[in-house]
Amino acid sequence: MAVRYGLPFFLEDKTGRLSGSEFLDIHDRMKLLYRRRVHDDTGSIYDIYDTTTGSSESFQVPVVSLSFGADNSLGTIKYRSQQPKQISRYLSEVSIFAGSRLRRFFASDGNEYRWGYRLAEGNEWTCTNSRAEIVAHYNLKHPGEPPYYSSSGCMLTVLEDFGHLACEMLATVMIMRHIVAHDL
């Protein structure tokens, strides 16, 4: 059983860019990499690696892969041992009235989670469970904050009880950020 600290995973987004970044827990409990593998006239593919253990396999075999079309359209999501799924079906709109900035997905624990844009004060993105409890959020650097050496000032926070879903939270929030960036 893993040691519990009673603290969320504060995953510092080193670049803040959609093209790739490292997400490092400020308490050194988790390390995730988001890397672009392909970017050409047919589209883009991004991989997420959980490099927490530091094993060579953790840097070579992605936990999640995301693909997007040449026009930045939503493509597929593929978890390590699963078949690819259409992102639009995996991370689906909650309703036609809510728009594309509120979407839901079913995580590997079988539960439904929802990402929403600017739903909670101070959070750019907020992820809630079926009981409307916040389980993760992504924050941008606050205006007026000083620049940070080797950091964007952005942060993905995942509550400790949901740490086993951190790769899924990272994948889905990066998709949500992609949707807003490309006005999908």
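The values are calculated or read from the model by the stated rules, or taken from the named source; none is laboratory data. Owing to the predicted nature of the structure, the values given are computational and were not obtained by experimental measurement. Here the Cβ is made from the backbone with ideal geometry for all residues, glycine too, and neighbour counts use every protein chain on show. When the accessible area is computed, the model is the full protein with side chains, heavy atoms only, and any ligands, DNA or RNA have been set aside. Shrake-Rupley method; radii C 1.70, N 1.55, O 1.52, S 1.80 Å.
Determine whether Leu18 is in contact with a His (Cβ under 7 Å, 6 or more places away or on another chain) and not acidic (Asp, Glu). Break it down into steps so the answer makes sense when it comes.
On the way: in contact with a His (Cβ under 7 Å, 6 or more places away or on another chain): yes; not acidic (Asp, Glu): yes.
In short, yes.
Does Ile48 fit the bill of being open to solvent by less than 80 Å² (accessible area, probe 1.4 Å), in contact with a Pro (Cβ under 8 Å, 6 or more places away or on another chain) and modelled with pLDDT of 95 or more?
Numbers: open to solvent by less than 80 Å² (accessible area, probe 1.4 Å): yes; in contact with a Pro (Cβ under 8 Å, 6 or more places away or on another chain): yes; modelled with pLDDT of 95 or more: yes.
In short, yes.
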Those residues that are free of Cβ contacts under 8 Å to residues at least 40 places away in the same chain, open to solvent by 30 Å² or more (accessible area, probe 1.4 Å) and under 22 Å from Lys78 (Cα atoms), I need them from the stretch 107-149; list them, please. Gly110, Asn111, Glu112, Arg114
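Scan the stretch 60-78 for residues that are touching a Ser or Thr at 6+ places or on another chain (Cβ under 6 Å) and either charged (D, E, K, R) or surrounded by 14 or more Cβ atoms within 10 Å (Cβ to Cβ) (or both) and jot them down.
Of the residues in the stretch 60-78, the ones touching a Ser or Thr at 6+ places or on another chain (Cβ under 6 Å) are 67-68, 70, 74-76, 78.
Once the filter is applied, which keeps residues that are touching a Ser or Thr at 6+ places or on another chain (Cβ under 6 Å) and either charged (D, E, K, R) or surrounded by 14 or more Cβ atoms within 10 Å (Cβ to Cβ) (or both), the stretch 60-78 yields Ser67, Phe68, Leu74, Gly75, Thr76, Lys78.
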Name every residue in the stretch 150-184 that is part of a helix (DSSP H, G or I), open to solvent by 60 Å² or more (accessible area, probe 1.4 Å) and of a type in the set (Asp, Glu), in order of residue number. Asp161
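Considering only the stretch 111-121, how many residues are assigned to a loop (DSSP other than H, G, I, E, B) and modelled with pLDDT of 95 or more?
Here is the first cut: in the stretch 111-121, the residues assigned to a loop (DSSP other than H, G, I, E, B) are 111, 118-121.
Narrowing the set further to residues that are modelled with pLDDT of 95 or more leaves 111.
Summing the residues that are assigned to a loop (DSSP other than H, G, I, E, B) and modelled with pLDDT of 95 or more in the stretch 111-121 gives 1.
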Out of all the residues in the stretch 11-30, which are assigned to a strand (DSSP E or B), closer than 13 Å to Ser151 by Cβ and of a type in the set (Gly, Ala, Ser)? Ser21
Select from the stretch 16-44 the residues that are more than 25 Å from His164 (Cβ to Cβ) and β-branched (Val, Ile, Thr) and write down the one among them that is least open to solvent (accessible area, probe 1.4 Å). Val38
